[in-house]
Amino acid sequence: MTLFKFKTAVESKRLTIKSPSENALAKVQSSSVGLGDSFLLSETDKHVLALALELKDSGYDPQIISDDYSMQNVATQLGIKVTSLATQGIRRLLTWIRYCPACHKGYPANHRSDVCDICGTALKRKPARKNTPVTKA
């Protein structure tokens, strides 16, 4: 029954299926890499953020509802409103770095490996610096 309702909504143009532009995806990717959240966002997350960014750029006021802190962090960076359901949500916009807890070597947040190049210890993630507090609208 649900598939029938879905198909009917699409055929009657009450529901539109849209993919984001490459430009919007590139902006989301750039922002997520800069913040260090890129490896935690799925392709679907990036598409949702890119679609919200396109709506924002078209004069709409989109809002993403998510308890995912990486989604909230990137959306806030892009100026997109975010609401969380089960958590308080982010309080500060964070830029992340990865580091080795054993030898303390630092890595960029988008470092591909999960282990230290020097000693082989599993890498951890921490905020690089605290940015300005996020104000809730």
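The values are calculated or read from the model by the stated rules, or taken from the named source; none is laboratory data. Keep in mind that this is a model prediction, so the values were computed, not measured. Neighbour counts are summed over all protein chains in view; Cβ atoms, including those assigned to glycine, are modelled from backbone coordinates with ideal geometry.
Structure notes:
- Matching residues, segment 30-61, being in contact with a Lys or Arg (Cβ under 8 Å, 6 or more places away or on another chain) and either at pLDDT 95 or above or farther than 23 Å from Y107 by Cα (or both): A50, L51, L53, D61
- Among the helices (runs of 4 or more DSSP H) confined to segment 21-137, the ones with at least 2 residues that are among the polar types (S, T, N, Q) are located at 22-35, 69-77.
- P108 vs. criteria touching a strand residue (DSSP E or B) at 6+ places or on another chain (Cβ under 8 Å) and touching a residue at least 40 places away in the same chain (Cβ under 8 Å): yes
- Neighbours by Cβ (under 8 Å, 6+ apart or cross-chain): first from segment 10-38, small (G, A, S); second exposed (fewer than 14 other Cβ atoms within 10 Å of the Cβ) and not in a helix (DSSP H, G or I): G36/P108
- Filter pass, V82 being β-branched (V, I, T) and touching a residue at least 24 places away in the same chain (Cβ under 8 Å): no
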